[in-house]
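Engineer: Dropping a structure here in structure tokens format, bear with me for questions.
Please treat every number below as a calculation from the coordinates, not as lab data. Quantities reported herein were computed from a predicted structural model and do not represent experimental measurements. Here the Cβ positions follow ideal geometry from the backbone for every residue, glycine too, while neighbour counts run over all protein chains shown.
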Amino acid sequence: MQSFDLGKDGLRALNSALHALKGQTNMTAWEVVNPKGAHAIAAGVDAPVDITVRGSTGYYCAGMNKQATIRIKGSAGPGVAENMMSGTVIVDGDASQYAGATGRGGLLVIKGNASSRCGISMKGIDIVVHGHIGHMSCFMAQSGNIVVLGDAGEALGDSLYEARIFVRGTVKSLGADCIEKEMREEHLLILEDLLRRGEADAKAKPEEFRRYGSARKLYNFNIDNAAAY
């Protein structure tokens, strides 16, 4: 176990050490203590390592993550796992705005609630939220899956493309071009897998969810839909 004290050694030294782990490494287990809400902790990691951050973090923790498994033993500030490529990020507490924004791959798990714009412009990432999500979540979401065990706020899925949204609770309102869709067997299988990988399979069953997606009316400009753009 590589233990790193941010209060003593500083953020730049931590990220430099993690960025030096190119490809395969035998230093696979890392622990970060005294984060004290620092920004960009473990951002840009590109190695198959396990990193545990013992405390809450600031902006962009685990941003651009590739290959690594990063667990935050606390809550996360805005932009956790932003532009994530692969790997897994697990937040044991709550997440602030735009969690998983523009994520292209990998899995983001939020054990608490997520604030507004969760999964905004997601491009292939999978997100599992054990609690609720805020307004404008999945705005312009292009691909990937988001699973919400709690409720969703206003304008869910506004202007989305082909991302799949699964909500167990209530939805305050749907955004432009977002509609409820049929839950088919293939979607139940996707949900079953995501709930298992998101450590939520003991809390919910796939058949308890509803699916939302794009009505596909805004893909190309149409003057009849001008008010919806």
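Engineer: Just to be sure I understand the model, the point goes 7 Å from the Cα along the line to the Cβ. What's the resulting T28 to E207 distance in nm?
Structural biologist: That separation, rounded to one decimal, is 3.9 nm.
Engineer: Can I ask one more? Within the range 99-124, list the residues whose amide N lies under 13 Å from a label point set 7 Å along Cα→Cβ of E199.
Structural biologist: Output list for this probe position: 108-112.
Engineer: Here's a follow-up. Output the relative contact order of the chain, whole-number percent, from Cα pairs under 8 angstrom with separation of 6+ residues.
Structural biologist: On the way: 735 pairs, mean separation 22.4, N = 229.
Relative contact order of the chain: 10 percent.
Engineer: Can I ask one more? Please give the calculated 222 nm ellipticity per residue for the chain, where each DSSP H segment of at least 4 residues contributes -39500 (n - 2.57) and the sum is spread over every residue; nearest 500 deg cm²/dmol? Let's see the in-between values first.
Structural biologist: Details: 3 runs with 26 residues, N = 229.
That comes out to -3000 deg cm²/dmol.
Engineer: From the residues L14, H135, S115, which one has its Cα farthest along the dipole of the chain in the positive direction, the dipole being from +1 and -1 charges on Cβ of Lys/Arg and Asp/Glu about the Cα centre?
Structural biologist: L14
Engineer: Next question, about the same structure. With charges only on Cβ, +1 for K and R and -1 for D and E, what is the dipole size of the chain about its Cα centre, in debye, rounded to 20?
Structural biologist: On the way: 25 positive and 25 negative charges, 77 e Å.
For this selection, approximately 380 debye.
Engineer: Report, in degrees rounded to the nearest 10, the 0 to 90 angle that the Cα long axis of helix 185-197 makes with the longest principal axis of the chain.
Structural biologist: Helix 185-197 sits roughly 20 degrees off the main axis of the chain.
Engineer: Right, another one. Can you compute the modelled spin-label distance between E154 and N222, with each label point 7 Å from Cα toward Cβ, in nm?
Structural biologist: Going from the E154 label point to the N222 one covers 2.7 nm.
Engineer: How long, wide and thick is the chain, going by the Cα atoms along their three principal axes, in whole angstroms, largest first?
Structural biologist: Per principal axis, max minus min of the Cα coordinates gives 59, 38, 29 Å.
Engineer: Further question: Roughly how big is the range 1-96's charge dipole about its Cα centre, with Cβ charges of +1 (Lys, Arg) and -1 (Asp, Glu), in debye to the nearest 20?
Structural biologist: Values: 8 positive and 8 negative charges, 27 e Å.
About 120 debye.
Engineer: Further question on the same structure: Please report, in whole Å, how far the alpha carbons of the range 1-96 spread along each principal axis, starting with the longest.
Structural biologist: Here the Cα extents, ordered largest to smallest, are 32, 30, 19 Å.
Engineer: Roughly speaking, what is the stretch gain from A17 to S173, that is 0.36 nm per residue apart minus the C-alpha to C-alpha distance, in nm to one decimal?
Structural biologist: On the way: separation 156, 0.36 × 156 = 56.16 nm, distance 4.49 nm.
Working it through step by step, the gained length comes to 51.7 nm.
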